[in-house]
Amino acid sequence: MQSDNEGNAEAENTTIQAVSSREIIVVGAGVIGLTTAFELTRRGHDVSVFDPFPGRGASFVAAGLIAPMTEATHGEESLAALSVEAARMWPDHSEEISAHTSYEVGLDRSGTLLVALDVNDRARIQALTPLYKALGHSAEWHSSGSIRTKEPLLAPTVRGGLEASGDIQVDNRRLLSALTDALVHEGTRFIRERVTHINTNGPRATGVTTQHRAYEAGTVILCAGFDIAGIGGLPVRDEVIIRPVKGQILRLYQRNPRLRLRHSVRALVAGSVVYLVPRSSGKVVIGATVEEQGVSFTPTAGAAFSLLRDAISVVPAISEAEIEGFEVGLRPATRDNAPLLGAASLEGLLYALGGYRHGILLSPLVAHCIAEVVETGSLPEIASPFSPDRFRVHHG
C-alpha cells in the first residue's frame, strides 16, 4: 500500500481535473457502488463512478437472492433486521430503476423454499423458526408431501421445509446492466480507471488519484471490493480491512420446460447449504461455496462435484440440465462479516463496504443510508450497528 507521502507526491506530478468541488466520486461499480450512484443521481447530485470494469466483480458472479429470512442466523440479529428493511425496499427500487432504462431488472417474487434432506437438517431449520418469527417472517412448516405440492421437482426424500414468500430474487446481471444504463442516461460519468490514492488537504478528503491523473471532488465514497488494500491514503485509525471470500457457482440451462423449478430452493444437505435459483429463461444458478483462500480465481473439480451432488440430491431433474458455466467470485467481507457504512475519520470520505453475501439484498438500503449521510451528516439509526466506529482505533 502507498504511504501518504508517496501518494501526495504522485498527485503533485499529475494533472488535476477539478470538475467540481461539489462533485461526488464513487469508487467501485459493483452493485453497491452503482446503486449508491443511482440514488445520489436521482436526488440531484453530480456523481462520477470510478472502476476499470463497471458491473463486474462479486456482484456479477452471484445468484441474485434477496433472502432476508433464509439468510438470517442467530448472533446476527442486527444484520437480519437490516436485511428485512432492505428487502421491503426492493419492489419500489426495481420499479424506480426500470423507469430510467429499457433493461429488465428481472425481479421474481415467487419466493424461496427452505428444505431439509434428512431429520438432522429438519431439526436445524426448525430451530431457526423462533428467530424468523421474531423478525416478522411467516415461518409455517410444510410436510414432505405439502412442500412437494408447491414444488413437484423436489426429491421424495426431502423431509419438509419452510416457504419464505418474502425471500425473492433478481437477475443480478440484468440488474447491473439496468443500473449502468440508467446512470448513463442520467449523465453520470464513468471513469474506467483504477483509483490508487485518496487525496487529502489537512483533515479532509479532496478527491482521488488514478494511474493516470488526479480528480478533485467534494465527497469520496468507497464502494470498492477486497482490493481496497491497494488504495493509499486511507485513515490508518479506521482500520479498514476487507478480505476476499471465494465463492464458486454453477450456471446451468434446463432446456425442458417441464423440468424447470417454480421457486428458488435453498436446502440443507447433511448440514451443508446449497441453493438453486431458476430464471424465467430456463437458466439455473447453483451455489455457492464459501472458501477462505485469499485471492484465488481458480475453479476446482471438488467444488463443482459437491454443488452438483447436493443439488441433484434435492432436485433430481437438475441432472438433465446443461452446464453453461462454472465461475468464481470473491466476496468482500469485513472482520465480522457485516457491512461497513458511514463516515470515515477523514472528513469528506464515506464507506459503503463489505457486502459479503448480502450485497445485492442490501444495496437499496445501503444507498439510501449513504445518501442520507451525504445530505444530513447522519447515518440512519438502523445502520448504526455497522458504523466504522466499531473498528476504529481510539487514542487517549
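The values are calculated or read from the model by the stated rules, or taken from the named source; none is laboratory data. Nothing here was measured: the structure is a model prediction, and the numbers come from that model. Note that we place each Cβ from the backbone using ideal geometry, even for glycine, and neighbour counts take in every protein chain shown.
Below, the figures for the structure above:
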| quantity | calculated |
| --- | --- |
| Complete set of residues in region 309-344 that are closer than 30 Å to Val236 by Cβ, crowded, with 17+ Cβ neighbours inside 10 Å and not basic (Lys, Arg) | Gly329, Leu330, Pro332, Ala333, Thr334, Ala338, Pro339, Leu340, Leu341, Gly342, Ala343, Ala344 |
| Selection count where residues are over 13 Å from Ser94 (Cβ atoms) and touching a residue at least 40 places away in the same chain (Cβ under 8 Å), scope region 153-175 | 15 |
| Residues of region 263-284 classified as in a loop (DSSP other than H, G, I, E, B) and in contact with a His (Cβ under 9 Å, 6 or more places away or on another chain), total | 0 |
| Which numbered condition Ser94 misses (of (1) more than 16 Å from Glu186 (Cα to Cα); (2) touching a helix residue (DSSP H, G or I) at 6+ places or on another chain (Cβ under 7 Å)) | (2) |
| Qualifying positions in region 112-131 - out of contact with any strand residue (DSSP E or B) (no Cβ under 6 Å at 6 or more places or on another chain) and either in a loop (DSSP other than H, G, I, E, B) or aromatic (Phe, Trp, Tyr) (or both) | Asp118, Leu128 |
| Failed item, numbered, when Thr149 is tested on (1) farther than 25 Å from Ala270 by Cα; (2) outside the structural domain of Gly359 (by TED's automatic domain parsing) | (1) |
| Region 266-280 - residue that is over 19 Å from the mean Cα position of the chain (by Cα) and at pLDDT 95 or above and, of those, surrounded by the fewest Cβ atoms within 10 Å (Cβ to Cβ) | Val269 |
| Hits in region 105-119 (condition: hydroxyl-bearing (Ser, Thr, Tyr) and buried (at least 23 other Cβ atoms within 10 Å of the Cβ)) | Thr112 |
| Among (1) crowded, with 22+ Cβ neighbours inside 10 Å; (2) within 19 Å of the chain's Cα centre (by Cα); (3) part of a strand (DSSP E or B) - the single one Arg251 does not satisfy | (1) |
| Selected residue (criterion: nearest to Ser138 (Cα to Cα)) from residues of region 65-76 that are crowded, with 17+ Cβ neighbours inside 10 Å and β-branched (Val, Ile, Thr) | Thr70 |
| Matching residues, region 77-104, being loosely packed, with under 15 Cβ neighbours inside 10 Å and not in a helix (DSSP H, G or I) | Ala99, Ser102 |
| Filter result (closer than 18 Å to Ala352 by Cβ and in a loop (DSSP other than H, G, I, E, B)) within region 195-224 | Ala217, Gly218, Cys223, Ala224 |
| Residue match in region 364-380 (condition: surrounded by 21 or more Cβ atoms within 10 Å (Cβ to Cβ), modelled with pLDDT under 95 and under 27 Å from Ala80 (Cα atoms)) | no |
| Residues (more than 26 Å from Ile228 (Cβ to Cβ) and touching a strand residue (DSSP E or B) at 6+ places or on another chain (Cβ under 7 Å)) located in region 281-299 | Gly282, Lys283, Val284, Val285, Ile286 |
| Set Ser363, Ser378: member being assigned to a helix (DSSP H, G or I) and hydroxyl-bearing (Ser, Thr, Tyr) | Ser363 |
| For Val49: the one exception among (1) under 24 Å from Gly187 (Cβ atoms); (2) in contact with a His (Cβ under 9 Å, 6 or more places away or on another chain) | (2) |
| Some residue of region 76-90 being at negative phi, of a type in the set (A, V, I, L, M, F, W, C) and without any contact (Cβ under 8 Å) to a residue 40 or more places away in the chain | no |
| Among (1) at pLDDT below 95; (2) out of contact with any Lys or Arg (no Cβ under 6 Å at 6 or more places or on another chain); (3) within 25 Å of Ala270 (Cα to Cα), the one test that Ala139 misses | (2) |
| Criterion violated by Val245 - all others in (1) touching a Lys or Arg at 6+ places or on another chain (Cβ under 6 Å); (2) hydrophobic (A, V, I, L, M, F, W, C); (3) at pLDDT below 95 satisfied | (3) |
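Yes/no per residue for (1) in a strand (DSSP E or B); (2) farther than 30 Å from Ala139 by Cα; (3) at pLDDT 95 or above; (4) within 16 Å of the chain's Cα centre (by Cα):
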| position | (1), (2), (3), (4) |
| --- | --- |
| Glu10 | no, yes, no, no |
| Ile32 | no, no, yes, yes |
| Thr41 | no, yes, yes, no |
| His45 | no, yes, yes, no |
| Arg56 | no, yes, no, yes |
